Amino acid sequence: MSRLKLPTIAPSDITPEAVWQSRRRWLRQAGLGALAAGAGGLGAAASSWADEAPKTLAATPNPDYWLSNKPTSEKDITSYNNFYEFGTGKADPFEYAHQMQTRPWTVSVEGEVARPRIFDIDELLKLAPMEERIYRLRCVEAWSMVIPWSGYSLSALLKAVEPTSKARFVEFTTVMQPDNMPGLRSRIIDWPYVEGLRMDEAMHPLTMLVFGVYGKPLPGQNGAPLRVAIPWKYGFKSGKSIVKIRLLEDMPMTSWAQIAPNEYGFYANVNPGVAHPRWSQATERRIGDGFFAPRVDTLMYNGYGEQVAALYAGMDLRKNY
Ligand code: MTE
């Protein structure tokens with residue numbers, strides 16, 4: 001049998017790094033990782049969630065959080081993203097997020113709690129039964145998706161650290177990995193990315209700590225190894241790749257409210273009746289329907305009014321946007 005002749009020039013010498021990294025990534029996602037490693041000798045790359053974490057994430061469908069809408073395709077959910085730490089283009093997170101180191105990973109839960117604790121990702125994966133829920137995601141940019149997430153209610157984690165009576169807000173902080181996140185070089189956001197919720201919003205059963213999508217561990221671009229999902233709020237409230245959760249007495253300053261307080265409020269509840277200063281929020285484009293498909297009406301609280309409207313009883317939603 002003739003021996004395979006290996007090239008003397010590594011592909012990385014003749015192809016720009018970003019190109020071969022993404023090529024390798026496509027192969028790995030298509031289950032051809034071994035082939036890519038064998039053919040190009042590119043096996044020894046940085047470790048990532050995809051390399052070291054289980055390939056599937058067992059989760060039980062929860063009928064209480066199931067939509068009849070057809071979920072957006074896995075390809076769209078994992079390749080059309082906002083994750084500014086990797087760049088502002090919609091394809092940047094898919095292109096670069098595999099560089100993020102997602103193991104080992106810890107989350108510090110601290111502040112106004114009786115039992116502050118640093119959790120390892122493996123502890124968090126076992127803290128409560130893993131559920132699959134189908135949620136709507138409405139981005140402030142007026143597009144939307146329907147996403148099958150795997151995870152459990154954030155309240156399970158918050159209860160474990162025993163919030164004190166002073167805890168009125170929760171702050172979420174995203175990881176900063178300057179070597180792996182090219183977007184951190186731009187100054188659009190005063191990094192790290194910080195988001196927050198009022199305590200009753202954080203304890204609401206709909207507010208989800210997410211570890212997976214489409215039955216698999218989250219890929220980097222969707223916020224590996226864990227992010228939050230708050231389906232009645234604009235997508236920017238759902239911080240990704242979280243390393244710190246702080247319970248606070250005072251309302252935290254959040255990234256978008258800091259950049260443009262007249263455009264992005266702390267609440268950010270989906271509200272077709274309150275326009276963004278530069279565009280309407282009355283309708284949305286569903287990703288995957290095609291650019292020329294008719295836009296659909298945006299629903300108050302993104303369709304979750306029955307579950308969450310009571311949280312805002314008596315509040316002026318024009319002021320508290
Ligand atoms: N979290 C971090 N750390 N950085 C970001 O840029 N973008 C937000 C949110 N979480 C963002 C983030 C925005 S604007 C949206 S719409 C959602 O993530 C998108 O989540 P998805 O890419 O998983 O659909």
**Study point:** Per-residue ³J(HN,Hα) for region 115-131, Karplus 6.51 cos²θ - 1.76 cosθ + 1.60, θ = phi - 60°, Hz, x for Gly and Pro
**Key:** 10, x, 7, 9, 9, 7, 4, 5, 5, 5, 4, 10, 5, 8, x, 6, 10
Exercise for review: Would you mind computing Rg(Cα) / (2.2 N^0.38 Å) for region 161-314, counting N as its residues?
Suggested key: 1.10
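Please work out the average accessible area per residue across region 228-319, using the 1.4 Å probe convention, and give it in Å². Mind dumping the intermediate values first?
Numbers: 4450 Å² over 92 residues.
For region 228-319, the per-residue accessible area is 48 Å².
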Review point. Between region 180-211 and region 280-305, how many Å separate their Cα centres?
Key: 23 Å
Practice item. Compute the separation of the alpha-carbon centres of region 123-172 and region 213-229 and state it in Å as a whole number. Key: 12 Å
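What is the percent of Cα-Cα separations in region 11-312 that go past 32 Å? Could you put the intermediate results ahead of the total?
Working: 11151 of 45451 pairs.
Of all Cα-Cα distances in region 11-312, 25 percent exceed 32 Å.
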Study note, to complete from the structure: Between the modelled labels at His276 and Glu162 (7 Å from Cα along Cα→Cβ) the distance in nm is 4.4 nm
**Study point:** region 123-214: trypsin sites (Lys or Arg not before Pro) in DSSP coil with no more than 11 other Cβ atoms inside 10 Å
**Key:** Arg187
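For Arg187 and Lys55 in the same chain, what is the full-extension length gain: residue separation times 0.36 nm, less their Cα-Cα distance, in nm?
Working: separation 132, 0.36 × 132 = 47.52 nm, distance 3.50 nm.
Full-extension gain reported as 44.0 nm.
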Exercise for review: May I ask you to compute the full-extension gain from Arg295 to Arg117, defined as 0.36 nm times their residue separation minus their alpha-carbon distance, rounded to one decimal in nm?
Suggested key: 59.6 nm
**Study point:** Cα convex hull volume per residue for region 78-234 (Å³)
**Key:** 114 Å³
Revision key, fill the gap. Expressed in square angstrom to the nearest 10, the accessible area of Met315 with a 1.4 Å probe stands at 50 Å²
Check your understanding: ³J(HN,Hα) across region 255-268 via Karplus (A = 6.51, B = -1.76, C = 1.60, θ = phi - 60°), whole Hz, x for Gly/Pro?
Key -> 4, 6, 5, 6, 5, 8, x, 7, 9, 10, x, 5, 6, 6
Point to revise | Theoretical FRET efficiency, 1/(1+(r/R0)^6), r = Cβ-Cβ of Glu141 and Met315, R0 22 Å, to 0.05 | key: 0.35
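The values are calculated or read from the model by the stated rules, or taken from the named source; none is laboratory data. All of these numbers come straight from a predicted model, not from anything done at the bench. Glycine gets a Cβ as well: all are built from the backbone with ideal geometry, and neighbour counts include every protein chain shown. Calculation scope for accessible area: heavy atoms of the full protein, side chains included, ligands and nucleic acids excluded. Shrake-Rupley method; radii C 1.70, N 1.55, O 1.52, S 1.80 Å.
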